[in-house]
Amino acid sequence: MMFQKRVRRFYRRTRFLLGMCGCLLAAGCGHREPPADITIVNGDEPESLDPAIVTAESDMRIVAGLFEGLTRQESVAARPVPGLAERWDISPDGKTYTFHLRPNLAWSTGEPLTAQDVVYSWLRELNPATASDYAGQLYYLKNGEAYNTGKINDPSQVGVHALDPLTVQVELNHPTLFFLDLCAMPLTSVVPRLTIEKYGDQWLNARPLPVSGPYELAYWRLNDRIRLRKNPRYWDAANTRSAIIDFLPVSSPNTALNLYANGQADIVWDKELIPAELVDELLRRPDFHSYPFLGSYFVRFNVTRKPFGDPRVRQALALAVDKEQIVRKILRARGRPTSALVPAGTANYVSPAGLGHDPERARQLLAEAGFPGGKGFPRFEYLFDSGAGGKKLHEEIAIELQQMWHQELGIEMDLRPVETQVFWGMLSRLDFTVARSSWTADYNDANTFLSMFITGDGNNETGWSNARYDELLHQANETVDPAQREKDFQQAESILIHDELPILPLYIYVGVNYFDTNKILGIWENLVDEHPLNTIQKIRP
Amino acid sequence: MYFLRRLLYAVPLLLLISLLAFVLVHLAPGGPFDRERRPASPEIERNIQAKYHLDEPVWKQYGRYLNGIVHGDLGPSLKYRNHSVTDIIAQGLPVSMTLGGIAFCVALAVGVPLGFFTAAQRGRWPDFLGSFLAVLAVCIPSFVLAPALILVVALKLRWLPVALWESPWHMILPSLALGSFFVGQVARILREAMVTAAQSEFVTAARAKGLGETTLLLKHVLRIALLPVISYSGPMLADLLTGSFIVESIFQIPGIGVFLVNSSLNLDYPVIVGLSLLYAVLLISLNLLVDLAYTFLDPRVKYE
């Protein structure tokens, strides 16, 4: 009897305790929120959502939903179309743009949005105190560079002015043919002055947060979820298709695939988020999509180190590499072999021929450079950033190159894997001999790739300098004639990939995303892999 | 008195830890703002360095950091520039603590009975089976167990969600994946301790007095044998509460464990130092609690 009573009391207590635990758990996560219309797996946790700070493409996709600029990208080909500005006039010399804002523009909080807000946002981007990584994209403005680098302190000398509440006038240093593309990038989008001045670096945590784009920031929970809610005061709100969009910051491809397979996510839209081992198999499914993308993978030579200062050596190394094989063995569906830096498909541009695979000629050139059969060629290191997941690729490519150069040219190379941060540091200090590298387009124009190798550019990172190359690029950016510009760019790229080879192009990226086209509408495959949020909608659960 | 003194000692210890962490992270090669896309001019890099005072000598930066801590400010994150370290901890720690707390309960709720059972059945086949399970739990790493659980329970059977942190259902798989190692550890430690305790003289004496075997095990042996489990619990709890990189990334849980690892890879100086300090504070206080628990459980232990 006693025993039974005790047991019963024990059970009652346990039940009580379990009940308490349940209540606590429910209280902890029970605040019921409406489900999102669309859930998107976006990639790493955003470093920031401040248009002046973001640098990662995945971050920019969210920012573009919150803040809009004078132009915006349309959804199909991601070309610039009127945004906050409804039209613009361009002076005959291509150096002055006069933008006319739409009348009655408003912040999501109701205050009018004027030309002054545009000017403030652009000057904030250039203000040294903002410490924006991408401020260089506004160096095309008159005095933009001088203001950003502290040579002048008076922002009114910078070439952006509000002529009246609806008119913004921009003066450029050169006719910049991709300038309207820049006006659609987050860095030129319009941000709320009063909120920023009040809250400083934490301004995105202010509520309500005034936004200029189609979506408001409902909440931003670190590493958990970012929720955007439709901004009813957006000028084109009538065409915003989904009321609530959630972003999941997932960096593991396996987790992304699991969430998608289990129906917890509708769209996975970053090429890094497909498990590498399953790429070929998955891409055969109708809901997995791949398409050309403006990104290049290449190898950098440090031309300040012997014997890589000799163009014949660099040419020999390039000719010895079978890019087809690298793509076939390692990349498979994730890349396409190339011998050019500028990816095929770039607007108004076709690359000239580069160097193909010709081991015979490679050996000949190496012999001419003084290393017949690789004899006397110093052992060198190949630098790359190592890590799990997508970074395994760099190692696999390194091994393949090591093998090819050894077999075809008889030269020896050691692998030098380092951590990511260390890698970028070593590249920028030219503390390497040969290194892996890549570049994705900031905007759809050959300039975003070619301008890197101008003498002294921060991203040159090869020590290479060629007066003719610099002159051709300068000339191309001075002209308003697209045909002449293309010719100049082609000549320049030919120096880069056919004659001098400070870099060895390997392959062009392929964009990958997955979602069910029977359920989700409003996403198109495009070269810059940008997908404006306002056209995306779910038509079936 | 003894505990007050211990608390006082903790202050210089924490100072030392923060200094070491601060100096070590600054010695690491590379910098937080080394990145793929270099800004267009060196001035931009200088602007960024100046904004976060990285251009100052390290001792000055450390002084600035200590001054911040006194005012309750652990500094900004250099990677997540819209968030402060305090913000990261405030958002992530409760999640990691919930997950760790549940995993801790799992570890004790399964580990203690398992250890007791195997010890009581020593030398018989239930002991072999139980011990085998315990060893298995210790040996299977969470990066194997977690995907296996997801595959079977979430993807095949569709009983539970595959990832995220939204409802009690979302907590089950990660708690199991995180707790399983500790289940095995607790069971093994308890079994070992009980077997040793069962051989001590006071047990023989008690048995001679005619005490039943079950009462003996429960009342006398278990009480002594729990001590090593409790001393193990302190660091175990500190470990669990600060989150697990592997489990949190596989289940996409917004805890602190992911930051602990990623901040080191990103060289996010203030986050590394802040989280090291957090871990130190947890470890010191939990060890203190363990010592307190000893005085209650073991009459032989007294602190002066």
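The values are calculated or read from the model by the stated rules, or taken from the named source; none is laboratory data. Keep in mind it's a predicted model, so treat the numbers as computed, not measured. In this analysis, Cβ positions are derived from the backbone assuming ideal geometry, glycine residues included, and neighbour counts consider all displayed protein chains. Note: accessible area is taken over every heavy atom of the protein model, side chains too, but ligands, DNA and RNA are not part of it. Shrake-Rupley method; radii C 1.70, N 1.55, O 1.52, S 1.80 Å.
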Pairs where the first residue, in the range A:330-358, is open to solvent by 40 Å² or more (accessible area, probe 1.4 Å) and the second is assigned to a strand (DSSP E or B) and of a type in the set (Phe, Trp, Tyr), C-beta under 9 Å, 6+ apart: A:Arg334/A:Tyr507; A:Arg334/A:Tyr509; A:Arg336/A:Tyr507; A:Arg336/A:Tyr509; A:Pro337/A:Tyr507; A:Gly345/A:Phe293
If you go through A:Ala398, A:Ala435, the only one that is crowded, with 22+ Cβ neighbours inside 10 Å, in contact with a Lys or Arg (Cβ under 8 Å, 6 or more places away or on another chain), within 14 Å of chain B (Cβ to nearest Cβ) and at pLDDT 95 or above is A:Ala435
If you check B:Asn266, B:Asn262, which single one turns out to be out of contact with any Pro (no Cβ under 9 Å at 6 or more places or on another chain) and open to solvent by less than 50 Å² (accessible area, probe 1.4 Å)? B:Asn262
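Is it fair to say B:Ile102 is over 30 Å from A:Ala261 (Cα atoms) and within 11 Å of chain A (Cβ to nearest Cβ)?
Details: over 30 Å from A:Ala261 (Cα atoms): no; within 11 Å of chain A (Cβ to nearest Cβ): yes.
Here the answer is no, as B:Ile102 does not meet what is asked.
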B:His71 vs. criteria open to solvent by 30 Å² or more (accessible area, probe 1.4 Å) and either within 14 Å of chain A (Cβ to nearest Cβ) or acidic (Asp, Glu) (or both): no
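Out of A:Asn104, A:Asn148, A:Asn153, report the one residue that is within 14 Å of chain B (Cβ to nearest Cβ) and open to solvent by 40 Å² or more (accessible area, probe 1.4 Å). Walk me through it before giving the result.
On the way: A:Asn104 fails: within 14 Å of chain B (Cβ to nearest Cβ); A:Asn148 fails: open to solvent by 40 Å² or more (accessible area, probe 1.4 Å).
Going through A:Asn104, A:Asn148, A:Asn153 in turn, the sole match is A:Asn153.
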Scanning the range B:281-304 for residues that are surrounded by 13 or more Cβ atoms within 10 Å (Cβ to Cβ) and among the β-branched types (Val, Ile, Thr), which turns out farthest from B:Ser18 (Cα to Cα)? B:Thr295
Going through (1) in contact with a Pro (Cβ under 6 Å, 6 or more places away or on another chain); (2) open to solvent by 20 Å² or more (accessible area, probe 1.4 Å) one by one, A:Pro192 fails only at (2)
Counting only residues that are in a loop (DSSP other than H, G, I, E, B), among the polar types (S, T, N, Q) and more than 27 Å from A:Asp499 (Cβ to Cβ), the range A:252-311 contains a total of 3
Residue, farthest from the other protein chains (Cβ to nearest Cβ), within the range B:37-68, restricted to residues that are open to solvent by less than 60 Å² (accessible area, probe 1.4 Å) and acidic (Asp, Glu): B:Glu56
Log entry, pairs with first residue in the range B:62-82 being in contact (Cβ under 8 Å) with a residue 40 or more places away in the chain, second being of a type outside the set (Ser, Thr, Tyr) and open to solvent by 60 Å² or more (accessible area, probe 1.4 Å), beta carbons closer than 7 Å, six or more apart or on different chains, reads B:Tyr62/B:Leu19; B:Pro76/A:Asp201
Would you call A:Glu471 surrounded by fewer than 21 Cβ atoms within 10 Å (Cβ to Cβ) and in contact with a strand residue (DSSP E or B) (Cβ under 7 Å, 6 or more places away or on another chain)? no
Residue hits (the range B:137-194; among the small types (Gly, Ala, Ser) and in contact (Cβ under 8 Å) with a residue 24 or more places away in the chain) are B:Ala137, B:Ser142, B:Ala146, B:Ala163, B:Ser175, B:Ala177, B:Gly179, B:Ser180, B:Gly184, B:Ala187, B:Ala193
Over the range A:474-507, the set of residues buried (at least 23 other Cβ atoms within 10 Å of the Cβ), more than 18 Å from A:Val303 (Cβ to Cβ) and hydrophobic (A, V, I, L, M, F, W, C) is A:Ala476, A:Phe489, A:Leu506
Please indicate, with yes or no, whether at least one residue in the range A:46-53 is away from chain B (no Cβ under 14 Å) and open to solvent by less than 10 Å² (accessible area, probe 1.4 Å). no
